[in-house]
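What follows is one structure encoded as C-alpha coordinates, with my remarks underneath.
The values are calculated or read from the model by the stated rules, or taken from the named source; none is laboratory data. Here the structure is a predicted model, which means the values were calculated and not measured. Methodologically, a virtual Cβ is constructed for each residue, glycine included, from the backbone with ideal geometry; neighbour enumeration extends over all protein chains shown. Just the protein is used for accessible areas: all its heavy atoms, side chains included, with ligands, DNA and RNA removed. Shrake-Rupley method; radii C 1.70, N 1.55, O 1.52, S 1.80 Å.
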Amino acid sequence: MFSSSLRVAVVCVSNINRSMEAHSILRRKGLSVRSFGTESNVRLPGPRPGRPVVYDFAATYKEMYNDLVRKDRECYTHNGILHILGRNERIKLGPERFQECTDFFDVIFTCEESVYDTVVEDLCSREQQTLQPVHVINMDIKDTLEDATLGAFLICELCQCLQQSDDMEDSLEELLLQMEEKSGRSFLHTVCFY
(Lines give C-alpha, C1' and ligand atoms only; values in the text may rest on other atoms or scores of the structure.)
Protein backbone atom coordinates (compact mmCIF):
# COMPACT_ATOMS: atom_id res chain seq x y z
CA MET A 1 0.00 0.00 0.00
CA PHE A 2 1.25 3.45 -0.78
CA SER A 3 -0.17 6.83 0.01
CA SER A 4 0.19 9.78 -2.22
CA SER A 5 -0.61 13.31 -3.00
CA LEU A 6 -0.96 12.18 -6.63
CA ARG A 7 -4.51 12.98 -7.71
CA VAL A 8 -5.75 10.48 -10.26
CA ALA A 9 -8.89 10.20 -12.37
CA VAL A 10 -9.90 7.23 -14.51
CA VAL A 11 -12.42 7.78 -17.29
CA CYS A 12 -14.35 5.39 -19.52
CA VAL A 13 -17.62 5.72 -21.42
CA SER A 14 -20.26 5.08 -18.74
CA ASN A 15 -18.34 4.90 -15.41
CA ILE A 16 -19.49 1.31 -14.93
CA ASN A 17 -16.78 -1.26 -15.68
CA ARG A 18 -13.27 -0.16 -16.69
CA SER A 19 -13.01 3.12 -14.76
CA MET A 20 -14.66 1.58 -11.70
CA GLU A 21 -12.37 -1.47 -11.65
CA ALA A 22 -9.35 0.86 -11.73
CA HIS A 23 -11.02 3.09 -9.10
CA SER A 24 -11.46 0.06 -6.84
CA ILE A 25 -7.86 -1.14 -7.17
CA LEU A 26 -6.25 2.30 -6.89
CA ARG A 27 -8.35 3.16 -3.85
CA ARG A 28 -7.29 -0.08 -2.14
CA LYS A 29 -3.68 0.95 -2.79
CA GLY A 30 -4.24 4.27 -1.01
CA LEU A 31 -4.40 6.61 -3.99
CA SER A 32 -6.57 9.69 -4.21
CA VAL A 33 -8.74 8.57 -7.13
CA ARG A 34 -12.04 9.43 -8.80
CA SER A 35 -13.73 7.87 -11.77
CA PHE A 36 -15.99 9.18 -14.50
CA GLY A 37 -17.78 8.52 -17.77
CA THR A 38 -18.06 10.85 -20.74
CA GLU A 39 -21.27 9.91 -22.54
CA SER A 40 -24.62 11.66 -22.07
CA ASN A 41 -26.20 8.45 -20.69
CA VAL A 42 -25.08 5.27 -18.98
CA ARG A 43 -25.44 2.27 -21.28
CA LEU A 44 -25.41 -1.29 -19.95
CA PRO A 45 -25.58 -4.49 -22.00
CA GLY A 46 -29.20 -5.47 -22.50
CA PRO A 47 -30.79 -8.88 -22.86
CA ARG A 48 -29.95 -8.89 -26.60
CA PRO A 49 -26.97 -7.47 -28.53
CA GLY A 50 -27.58 -3.97 -29.82
CA ARG A 51 -30.33 -3.34 -27.25
CA PRO A 52 -28.61 -1.62 -24.30
CA VAL A 53 -30.34 -0.65 -21.09
CA VAL A 54 -29.95 3.13 -20.78
CA TYR A 55 -29.92 5.18 -17.57
CA ASP A 56 -29.39 8.82 -16.80
CA PHE A 57 -26.16 9.69 -14.97
CA ALA A 58 -28.37 10.80 -12.07
CA ALA A 59 -29.36 7.18 -11.39
CA THR A 60 -27.49 5.50 -8.55
CA TYR A 61 -25.80 2.14 -8.90
CA LYS A 62 -28.35 0.72 -6.43
CA GLU A 63 -31.28 2.02 -8.52
CA MET A 64 -29.78 0.41 -11.64
CA TYR A 65 -29.19 -2.83 -9.75
CA ASN A 66 -32.74 -2.98 -8.42
CA ASP A 67 -34.21 -2.14 -11.83
CA LEU A 68 -32.24 -4.92 -13.53
CA VAL A 69 -33.20 -7.43 -10.84
CA ARG A 70 -36.86 -6.59 -11.51
CA LYS A 71 -36.37 -6.89 -15.28
CA ASP A 72 -34.42 -10.18 -15.43
CA ARG A 73 -32.26 -11.25 -12.48
CA GLU A 74 -30.96 -14.35 -14.25
CA CYS A 75 -29.84 -12.51 -17.39
CA TYR A 76 -28.03 -9.73 -15.52
CA THR A 77 -26.47 -12.15 -13.05
CA HIS A 78 -25.22 -14.31 -15.92
CA ASN A 79 -23.66 -11.40 -17.86
CA GLY A 80 -21.98 -10.04 -14.70
CA ILE A 81 -23.73 -6.66 -14.61
CA LEU A 82 -25.28 -7.20 -11.16
CA HIS A 83 -21.85 -8.11 -9.77
CA ILE A 84 -20.32 -4.96 -11.32
CA LEU A 85 -23.10 -2.71 -9.99
CA GLY A 86 -22.74 -4.25 -6.51
CA ARG A 87 -18.99 -3.53 -6.53
CA ASN A 88 -19.59 0.01 -7.77
CA GLU A 89 -22.14 0.70 -5.04
CA ARG A 90 -19.51 -0.15 -2.41
CA ILE A 91 -17.20 2.49 -3.91
CA LYS A 92 -19.53 5.43 -4.55
CA LEU A 93 -23.19 6.34 -4.94
CA GLY A 94 -23.47 6.51 -8.72
CA PRO A 95 -21.76 7.26 -12.01
CA GLU A 96 -20.35 10.72 -12.67
CA ARG A 97 -19.70 12.61 -15.91
CA PHE A 98 -16.21 13.96 -16.38
CA GLN A 99 -17.50 17.09 -18.08
CA GLU A 100 -19.32 18.09 -14.87
CA CYS A 101 -16.28 17.73 -12.58
CA THR A 102 -14.39 20.86 -11.54
CA ASP A 103 -11.70 19.09 -9.47
CA PHE A 104 -8.06 19.22 -10.53
CA PHE A 105 -6.03 16.06 -11.17
CA ASP A 106 -2.36 15.34 -11.77
CA VAL A 107 -3.04 12.40 -14.09
CA ILE A 108 -6.18 11.36 -15.95
CA PHE A 109 -6.25 7.85 -17.42
CA THR A 110 -8.71 7.10 -20.20
CA CYS A 111 -9.71 3.61 -21.32
CA GLU A 112 -10.24 4.14 -25.05
CA GLU A 113 -9.19 6.64 -27.66
CA SER A 114 -12.63 8.23 -28.15
CA VAL A 115 -12.81 8.91 -24.39
CA TYR A 116 -9.28 10.36 -24.51
CA ASP A 117 -10.38 12.69 -27.31
CA THR A 118 -13.45 13.79 -25.34
CA VAL A 119 -11.43 14.45 -22.16
CA VAL A 120 -8.73 16.42 -23.98
CA GLU A 121 -11.34 18.43 -25.89
CA ASP A 122 -13.22 19.21 -22.66
CA LEU A 123 -10.06 20.28 -20.81
CA CYS A 124 -8.95 22.49 -23.72
CA SER A 125 -12.37 24.17 -23.89
CA ARG A 126 -12.26 25.19 -20.22
CA GLU A 127 -11.00 28.59 -19.23
CA GLN A 128 -7.47 28.21 -17.89
CA GLN A 129 -7.22 29.42 -14.32
CA THR A 130 -4.08 28.09 -12.63
CA LEU A 131 -2.00 26.76 -15.56
CA GLN A 132 -1.47 23.63 -13.46
CA PRO A 133 -0.57 20.77 -15.83
CA VAL A 134 -2.62 17.58 -16.04
CA HIS A 135 -1.30 14.56 -17.89
CA VAL A 136 -3.94 12.74 -19.91
CA ILE A 137 -2.92 9.17 -20.72
CA ASN A 138 -4.89 6.71 -22.80
CA MET A 139 -4.53 2.96 -22.67
CA ASP A 140 -7.10 1.08 -24.74
CA ILE A 141 -8.87 -1.45 -22.53
CA LYS A 142 -11.55 -3.77 -23.89
CA ASP A 143 -14.83 -3.45 -22.02
CA THR A 144 -14.80 -6.93 -20.49
CA LEU A 145 -14.42 -7.96 -16.86
CA GLU A 146 -11.04 -9.61 -17.43
CA ASP A 147 -9.56 -6.81 -19.54
CA ALA A 148 -10.84 -4.19 -17.07
CA THR A 149 -8.94 -5.97 -14.28
CA LEU A 150 -5.75 -6.31 -16.34
CA GLY A 151 -5.96 -2.66 -17.39
CA ALA A 152 -6.55 -1.55 -13.80
CA PHE A 153 -3.40 -3.34 -12.65
CA LEU A 154 -1.36 -1.68 -15.41
CA ILE A 155 -2.74 1.73 -14.40
CA CYS A 156 -1.88 0.94 -10.80
CA GLU A 157 1.66 -0.07 -11.72
CA LEU A 158 2.13 3.14 -13.69
CA CYS A 159 0.85 5.17 -10.72
CA GLN A 160 3.30 3.39 -8.43
CA CYS A 161 6.15 4.26 -10.82
CA LEU A 162 5.00 7.89 -10.89
CA GLN A 163 4.92 7.88 -7.08
CA GLN A 164 8.53 6.72 -6.92
CA SER A 165 9.70 9.24 -9.50
CA ASP A 166 11.64 12.27 -8.30
CA ASP A 167 10.16 14.41 -11.07
CA MET A 168 6.99 13.18 -12.75
CA GLU A 169 7.22 15.78 -15.51
CA ASP A 170 10.68 14.62 -16.57
CA SER A 171 10.20 10.89 -16.17
CA LEU A 172 6.68 10.29 -17.52
CA GLU A 173 7.63 9.78 -21.18
CA GLU A 174 10.34 7.29 -20.23
CA LEU A 175 7.96 5.46 -17.90
CA LEU A 176 5.36 5.20 -20.65
CA LEU A 177 7.95 3.79 -23.07
CA GLN A 178 9.03 1.22 -20.49
CA MET A 179 5.40 0.28 -19.82
CA GLU A 180 4.71 -0.07 -23.55
CA GLU A 181 7.64 -2.49 -23.89
CA LYS A 182 6.62 -4.47 -20.83
CA SER A 183 2.88 -4.68 -21.53
CA GLY A 184 2.84 -4.70 -25.33
CA ARG A 185 0.27 -1.90 -25.26
CA SER A 186 0.61 1.59 -26.67
CA PHE A 187 -0.25 4.77 -24.83
CA LEU A 188 -1.41 8.19 -25.96
CA HIS A 189 -0.25 11.10 -23.82
CA THR A 190 -0.79 14.81 -23.80
CA VAL A 191 -0.52 17.61 -21.29
CA CYS A 192 -3.42 20.00 -20.71
CA PHE A 193 -3.64 22.88 -18.25
CA TYR A 194 -6.23 23.98 -15.71
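For the range 86-113, backbone nitrogen atoms closer than 16 Å to the point 7 Å from residue 60 Cα along Cα-to-C-beta are found at 86-96.
Maximal additional length on extending the residue 48-residue 100 stretch stands at 15.6 nm, based on 0.36 nm per residue less the C-alpha distance.
Cross-link partners of residue 62 among aspartates and glutamates, defined as those whose alpha carbon lies under 13 angstrom from its own and excluding same-chain residues fewer than eight positions apart: 89.
Lacking any other cysteine beta-carbon closer than 4.7 Å, the following Cys residues of the chain have no compatible partner: 75, 101, 124, 156, 159, 161, 192. Per-residue ellipticity at 222 nm, computed for the chain from helices alone with -39500 (n - 2.57) per DSSP H run of at least four residues, works out to -15000 deg cm²/dmol. Per residue, the accessible area of the range 40-194 comes to 56 Å², computed with a 1.4 Å probe over protein heavy atoms only. Counting only whole DSSP H helices of the chain, the ones at least 24 Å long by C-alpha along their axis and with mean Kyte-Doolittle hydropathy no lower than -0.5 are 145-164. Spacing of the modelled spin labels on residue 28 and residue 189, each 7 Å from Cα toward Cβ, amounts to 2.7 nm.
Check the straight Cα-Cα distances from residue 182 and name the lysines below 16 Å, setting aside those fewer than 8 residues away within the same chain. Cα-Cα hits under 16 Å: none found. Largest GNM mean-square fluctuation across 43, 51, 73, computed for the chain with C-alpha springs under 10 Å, falls on 51.
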